[in-house]
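Taking it in order: structure first as structure tokens, then the write-up.
Please treat every number below as a calculation from the coordinates, not as lab data. It should be emphasised that the depicted structure is a prediction, and the values quoted were computed from it without experimental measurement. Glycine gets a Cβ as well: all are built from the backbone with ideal geometry, and neighbour counts include every protein chain shown.
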Amino acid sequence: MSTATTKPLSLLVTGTIGIDTVETPSARAERVLGGSAAEIAAAASRLAPVRLVGVGGGGQAAQKPTVHGG
């Protein structure tokens, strides 16, 4: 009987990454992480390790947001 453990496969996510401003009737948030790659990576990270490759926009020169990963 083998006692070796296997590492879970990671998911490679590709798409866009952006810094967004979101406004709803009850709140406003500026400079939040957004874009298709960021959204699917956040959702998928609950199921498997995620590796993210994305294209950022060329709009404004923005400071890097702080992203915490596990």
Can you run phi through the Karplus equation (6.51, -1.76, 1.60; θ = phi - 60°) for region 19-33 and list ³J(HN,Hα) in whole Hz, with x for Gly and Pro? 10, 10, 10, 10, 10, 10, x, 9, 7, 9, 10, 10, 6, 9, 5
Placing each pseudo-label 7 Å from Cα in the direction of the beta carbon, Thr24 and Val55 end up separated by a distance in nanometres of 3.0
